[in-house]
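The values are calculated or read from the model by the stated rules, or taken from the named source; none is laboratory data. Being a predicted model, the structure only gives us computed values, none of them experimental. Heads up, the Cβs are rebuilt from the backbone with ideal geometry, glycines too, and the neighbour counts pull from every protein chain shown. Accessible surface areas use protein heavy atoms only, side chains included; no ligands, DNA or RNA. Shrake-Rupley method; radii C 1.70, N 1.55, O 1.52, S 1.80 Å.
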Amino acid sequence: MVSVGTRYRFLIVICSSWLFACGPSADQRGEVIPPKSAYSQLQRPGLVVSYITQLLRDSDDAHLYFLRAKAYLDLRDYLHAENDIKRALAKSPGDVDYLLVSAQIKSHLGWYAQALEEAKALESSGYNSSAMYLTLSEIYLASHSKRIAATYLRQAESMGVAVAEKPYLSYLQKMVRGDSLWAMQSIQRKDLTHSHLSDAFFRYHMPRMSQLNYQNLILAELKKYPLDPYLLLNWGRFLVQLHQYDRAEKVYLNVFRQLPQNPAIMLELGEFYTRLGNNKQALVYLAQIPTQSGLYRDALFSQALVYLNMGQKSKSIAMLDSGQKQFVSDLRFIQLRDRLLGKRLDSTTILVDSTAQKSD
């Protein structure tokens, strides 16, 4: 029998090169170490998860949780990755590697405020790496702070990003320059191995690719990454496009379980149920979007529309009043309010600045 200590040391050596390709069966409880030749094949993070799970039955070690969190991240299973990195940080809160992975996971979950807090704490500690700067730029771009995102992208580039991250760096650079169309068009199919680029690719190509080709391609990717909530989200959007609303609803709810407390998913679910005429269910999700989220103003305006659909004009106006006070540059609130109150609109306020609707 191989001792726990021996198995653990062996795991560290193997995980450092991240080339797992085989694992022990579930009933062996990790007692049998696969031969060295088993690790010379292609990366298999699913087997890493299985192997580490066996070791965790005998050793509640922080580094094992960290390694499994990284494997879950590769599998695009972000909620399980978050659970594991939380355990690792609880046991070793000062570890900078753990904190970086935690920020990356939270960014994937769409928990940008928490991700930024962790990434900034890491930066304040004196730690620097291209991965940290890339994560910071990603978070700031998601928060519509392009100038700050550009600063971190320059720092990431100056330090040299990993080869696998270079297409993503190029994509982010185009996005911060405002070349979003070119950024989307530049994504190639070989880039679909990168989770963020995969999401952007399928969002961009949904209305531009034939339905049959789109379906075949996204189902092929879902076969490779069945736990990716963003692939699943794009599949749900595709089903909406096909008017298969019952199937789409099941997909959306599955996505929400995988990305809880994600404001963008809450907003999309709210808009989905509004489209179906299920106004009460729409309000359930729209009302959950926190005020500090960059999507709160859109949620507020959507709630005003839902109450209007329900025939509750007074509640709709109350929402519009609140939105008008909080977001004075967003003309949607005052225009709809004036229409409901029968006021004549000033022709100078007809055009709404779409950029003001999406950013502070």
*Residue-wise, which Karplus ³J(HN,Hα) couplings in Hz belong to the range 99-108, taking 6.51 cos²θ - 1.76 cosθ + 1.60, θ = phi - 60°, and x for glycine or proline?*
5, 5, 4, 4, 5, 5, 5, 5, 5, 4
*Carbon and sulfur together cover what percent of the accessible area of the range 233-329 at a 1.4 Å probe radius?*
51
*Would you mind calculating the relative contact order of the range 81-219 from Cα pairs under 8 angstrom and at least 6 residues apart, reporting the percent as a whole number?*
13
*Averaged per residue, what accessible surface does the range 64-160 expose to a 1.4 Å probe, in Å²?*
41
*For the range 156-299, count the residues as N, evaluate 2.2 N^0.38 Å, and divide the Cα radius of gyration by that value, please.*
1.14
_Alpha-carbon Rg with Dmax, taken over the range 144-194, Å_ = 11.1, 29
*Per the 1.4 Å probe, what fraction of the accessible area of the range 43-164, in percent, lies on carbon and sulfur atoms?*
50
*Please turn the phi angles of the range 65-71 into ³J(HN,Hα) values with the Karplus equation 6.51 cos²θ - 1.76 cosθ + 1.60 (θ = phi - 60°), one per residue in order, whole Hz, x for glycine and proline.*
5, 4, 5, 5, 4, 5, 5
*May I ask you to give the solvent-accessible area per residue for the range 189-320, in square angstrom, as obtained with a 1.4 angstrom probe?*
47
*Can you flag which of K91/K166; K174/K223; K280/K315; K70/K91; K166/K190; K106/K146 are past 22 Å Cα-Cα?*
K91/K166; K174/K223
*Can you work out the FRET efficiency for the pair N213 and K166, with r the C-beta to C-beta distance and R0 = 30 Å, to the nearest 0.05?*
0.65
*Along Cα→Cβ, 7 Å out, is where each label goes; now give me the distance between the ones at H243 and Q261 in nm to one decimal.*
4.0
*With θ set to phi - 60° and the Karplus curve 6.51 cos²θ - 1.76 cosθ + 1.60, what are the ³J(HN,Hα) couplings of the range 46-58 in order, to the nearest whole Hz, using x for Gly and Pro?*
x, 6, 4, 4, 4, 5, 5, 4, 4, 5, 5, 5, 10
_Below 13 angstrom from the Cβ of A220, what's the summed charge of the other residues (Lys, Arg +1; Asp, Glu -1)?_
+1
